[in-house]
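Below: the structure, in structure tokens.
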Amino acid sequence: DAMVIQNPRYQVTQFGKPVTLSCSQTLNHNVMYWYQQKSSQAPKLLFHYYDKDFNNEADTPDNFQSRRPNTSFCFLDIRSPGLGDAAMYLCATSSRGAGYRNTQYFGPGTRLTVL
Amino acid sequence: DQQVKQNSPSLSVQEGRISILNCDYTNSMFDYFLWYKKYPAEGPTFLISISSIKDKNEDGRFTVFLNKSAKHLSLHIVPSQPGDSAVYFCAASGGGGSQGNLIFGKGTKLSVKP
């Protein structure tokens with residue numbers, strides 16, 4: 001089955017210790033997104049890749065970076081995690097066609113804990 | 001300021017009855033709306049969508065209604081089943097420069113009781 005896969009499902013890191021979350025997809029979609037979701041809140045878009053073009057949201061902290069080495073993989077790097085970065089991180093993909101009415105498909109998420 | 005609002009954090013419904021989840025939006029440029037369902041410890045799953053040229057879209061037990069003049073949409077689930085218990089997110093996209101990005105509401109937790 002075509003899908004969006006996130007690894008690991010649960011990640012524990014120490015305050016200030018860099019961490020990388022990974023996302024892969026077998027849907028061959030050209031757009032990949034990273035969201036942060038905290039308890040009882042709406043998913044918040046951090047950035048997205050349209051093919052190789054990186055698009056950062058204006059309020060995404062510099063502490064968050066992303067890499068997309070190929071169509072299938074996308075990584076979220078948190079350079080110096082703070083306690084406030086503990087959240088669920090969701091990866092999503094879409095096949096952006098004309099008119100931008102695209103449906104996004106989500107992975108299962110990575111729950112990040114910062115100690 | 002929230003552009004997509006789900007004003008009911010939770011909803012409880014008896015099995016077999018209708019569940020109605022509501023969503024309001026403020027940006028008149030939105031032209032595509034989606035509903036996602038999310039179980040605990042899982043990612044959101046796409047349920048159903050509607051474009052602004054329609055006022056209703058139906059898929060099995062799920063129907064989405066769009067009222068553009070009121071900037072309101074709703075998701076109807078008939079009949080409700082215990083497996084429908086989850087958090088439901090409304091999302092919207094559209095408008096110049098939006099690049100098709102989705103704006104999500106905070107979600108409504110639906111509990112369907114046997």
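The values are calculated or read from the model by the stated rules, or taken from the named source; none is laboratory data. All figures in this text were calculated on a predicted structure; none of them were measured in a lab. Here Cβ is always computed from backbone atoms with ideal geometry, including for glycine, and neighbour counts include all displayed protein chains. Remember, those area values only see protein heavy atoms, side chains included, never the ligands or the DNA or RNA. Shrake-Rupley method; radii C 1.70, N 1.55, O 1.52, S 1.80 Å.
The sole residue among A:Q6, A:Q41, A:Q36 that is open to solvent by 20 Å² or more (accessible area, probe 1.4 Å), within 10 Å of the chain's Cα centre (by Cα) and within 26 Å of B:W35 (Cβ to Cβ) is A:Q36. Looking only at region B:51-99, residues that are part of a strand (DSSP E or B) and either within 25 Å of A:G109 (Cα to Cα) or more than 10 Å from every other protein chain (Cβ to nearest Cβ) (or both) come to 24 in all. If you filter region A:89-115 down to residues that are closer than 20 Å to A:V19 by Cα, in a strand (DSSP E or B) and open to solvent by 10 Å² or more (accessible area, probe 1.4 Å), you find that the one that is nearest to the other protein chains (Cβ to nearest Cβ) is A:R111.
Among the criteria (1) touching a Leu at 6+ places or on another chain (Cβ under 6 Å); (2) surrounded by 19 or more Cβ atoms within 10 Å (Cβ to Cβ), the one B:D55 does not fulfil is (2).
Would you be able to say whether some residue in region B:44-53 is at pLDDT 95 or above and farther than 15 Å from A:N102 by Cα? Checked against the condition, which is being at pLDDT 95 or above and farther than 15 Å from A:N102 by Cα, region B:44-53 yields no hits at all.
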